[in-house]
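Working notes, beginning with the structure itself.
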Amino acid sequence: MKFPAFLKKDTVLALLFLAPSVGGFALFYAIPFVMGLVYSFMDGTMDGKFVGLANYQELLARGSFRNAAWNTALFTSVSVPLMIAISLGLALLLNGNVFFRQWLRTAYILPLVVPVASIVLIWQIGFDWNGALNGWLDRFGIQRIDWMKSEWAIVVITAIYIWKNIGYNMILFLAGVQAIPESYYEIARLEGAGPFTKLRITLVYLIPTMFFVVLMSIMNSFKVFREAYLLAGGYPHDSIYMLQHYMNNMFLSLDIQKLTAAASLMVGCIMIIALGLFRMERGFRRFME
């Protein structure tokens with residue numbers, strides 16, 4: 001079989017192997033997203049007319065959408081830094097000679113393989129009105145708290161997010177720490193560097209890993225809807241009413257225009273954040289070179 005001059009045999013074989021994955025991505029992700037983006041500028045999905053930014057203007061005027069957008073931004077801006085700090089601290093701790101180090105590594109990785117439904121069941125046992133935590137509070141004479149129907153709901157969801165994803169970030173940081181050449185630390189010791197100088201060396205060479213971990217943590221923060229929905233339903237407490245709740249409710253009411261407009265705005269924000277992180281990473285690489 002002869003291939004065109006501009007195509008090598010290896011290139012053709014690679015394209016053939018990639019074709020099923022690319023076709024599946026296009027069929028189930030790319031094409032539906034493009035169609036949704038088009039629908040966000042129409043007044044209907046069937047024989048709709050182009051209305052420009054009218055759907056976006058009406059969406060931004062809705063208090064429920066603004067509340068959902070604010071809650072999503074607040075959750076991401078609080079939970080992601082907490083996640084980064086805790087997972088980095090644990091990675092540095094487990095990189096040393098800690099008692100039961102292997103057992104601790106296994107314990108932090110276990111949440112990655114636990115199904116979401118099982119995670120929700122575990123946290124319901126702890127934070128339900130008749131759960132373990134309220135039982136302990138009642139035993140000490142403290143009034144029970146309806147955790148998922150009060151301002152504490154955002155704390156519970158943040159704790160679930162960190163507990164579920166901390167193992168993955170810790171593995172990435174641990175791999176980044178172990179990839180730093182030991183000679184850097186030996187030179188620092190010979191020059192009389194203290195613990196803070198060694199920590200600064202570690203953080204500087206972990207910045208490429210940090211960019212990736214931050215990006216993945218932001219992506220995972222948008223997936224917390226699953227836990228929030230299973231714990232508190234489609235209309236939870238205002239503090240945990242996220243953009244995904246809003247879009248899910250728009251889908252149930254068949255308001256496709258508002259759904260697609262909200263999804264387009266969310267994707268646009270994620271792309272801006274991702275592009276900003278990539279630009280910062282490129283700037284750091286140029287600085288290090």
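Taken over region 168-289, the alpha-carbon convex hull comes to 130 cubic angstrom per residue.
Trypsin sites (Lys or Arg not before Pro) within region 113-171: which are DSSP loop residues with at most 14 other Cβ atoms inside 10 Å?
Values: sites: Arg139, Arg144, Lys149, Lys164; in loops: Arg144.
Hits after loop and neighbour filter: Arg144.
Local charge for Gly63 was computed over the other residues whose Cβ lies under 15 Å away, with Lys and Arg +1 and Asp and Glu -1, and equals +1.
Basic side chains Lys and Arg get +1 at the Cβ, acidic Asp and Glu get -1 at the Cβ, and with that the dipole of region 128-260 about its Cα centre reaches some 80 debye.
Take the alpha-carbon centre of region 137-166, take the same for region 64-90, and report the distance between them in whole Å. Here the two parts' Cα centres lie 16 Å apart.
For region 162-263, report the accessible area per residue in Å² (1.4 Å probe, heavy atoms, rounded to an integer). List each step's numbers first, then the result.
Values: 4870 Å² over 102 residues.
That works out to 48 Å² per residue.
Extension gain, Asn130 to Met271: 0.36 nm times the residue separation minus the Cα-Cα distance gives 46.6 nm.
Name the residue, out of Leu206, Leu121, Leu137, whose mean-square fluctuation peaks in a Gaussian network model built on the chain with Cα pairs under 10 Å. Comparing Leu206, Leu121, Leu137 in a Gaussian network model of the chain, the most mobile one is Leu137.
Relative to the Cα centre, what is the charge dipole magnitude of region 12-143, using +1 at the beta carbon of each Lys and Arg, -1 at the beta carbon of each Asp and Glu, and rounding to the nearest 20 debye?
380 debye
Placing dummy labels 7 Å off each Cα toward the beta-carbon, the span from Leu112 to Phe33 is 2.5 nm. The GNM of the chain, with springs linking C-alpha atoms under 10 angstrom apart, assigns the highest mean-square fluctuation among Leu93, Leu13, Leu265 to Leu13. Determine the share of the chain's accessible area contributed by carbon and sulfur atoms, expressed in whole percent, with a 1.4 angstrom probe. The value for the chain is 69 percent carbon and sulfur by accessible area. The calculated FRET efficiency for Ser253 paired with Val78, based on their beta-carbon distance and R0 = 25 Å, is about 0.25.
Against the criterion of solvent-accessible heavy-atom surface with a 1.4 angstrom probe, Glu227, Glu182, Glu191, Glu281 sort, most first, into Glu191, Glu182, Glu281, Glu227. Coupling constants for region 23-36 follow from the phi torsions by the Karplus curve (6.51 cos²θ - 1.76 cosθ + 1.60, θ = phi - 60°), and in residue order they are x, x, 4, 5, 6, 9, 10, 5, 5, x, 5, 4, 4, x Hz; glycine and proline get x. Rounded to the nearest 500, the helix-only mean residue ellipticity at 222 nm of the chain stands at -24000 deg cm²/dmol, with each DSSP H run of n ≥ 4 adding -39,500 (n - 2.57). When you work out D = kT/(6 pi eta Rh) for region 27-80 at 20 °C and 1.002 mPa s, using the Kirkwood radius from C-alpha pairs as Rh and the Stokes-Einstein form, the result is 163 µm²/s.
In debye to the nearest 20, how big a dipole does the chain give about its Cα centre with +1 on each Lys and Arg Cβ and -1 on each Asp and Glu Cβ?
Working: 22 positive and 16 negative charges, 132 e Å.
It comes to approximately 640 debye.
For region 212-226, putting each phi into the Karplus relation 6.51 cos²θ - 1.76 cosθ + 1.60 with θ = phi - 60° gives couplings of 5, 5, 4, 4, 5, 5, 5, 4, 5, 5, 7, 8, 5, 4, 4 Hz, in residue order, rounded to whole numbers and with x for Gly and Pro. Here Cα extents along the principal axes in Å was calculated from the structure, and among [x] 80, 74, 36; [y] 73, 44, 31; [z] 86, 58, 36 it sits at label [x]. Exposure check, 1.4 Å probe, all protein chains in place: Asp138 carries approximately 80 Å² of accessible surface. Computed from backbone phi with θ = phi - 60° and the Karplus coefficients 6.51, -1.76 and 1.60, the 3J(HN,Hα) list for region 71-79 is 4, 5, 5, 5, 4, 5, 5, 8, 6 Hz; x is used for glycine and proline.
The values are calculated or read from the model by the stated rules, or taken from the named source; none is laboratory data. This is a predicted model, so every value here is computed, not measured. All Cβ positions, even for glycine, are placed from backbone atoms using ideal geometry, and neighbour counts span all protein chains on display. Each accessible area value is taken on the protein alone, full model and side chains, heavy atoms only, with ligands, DNA and RNA left out. Shrake-Rupley method; radii C 1.70, N 1.55, O 1.52, S 1.80 Å.
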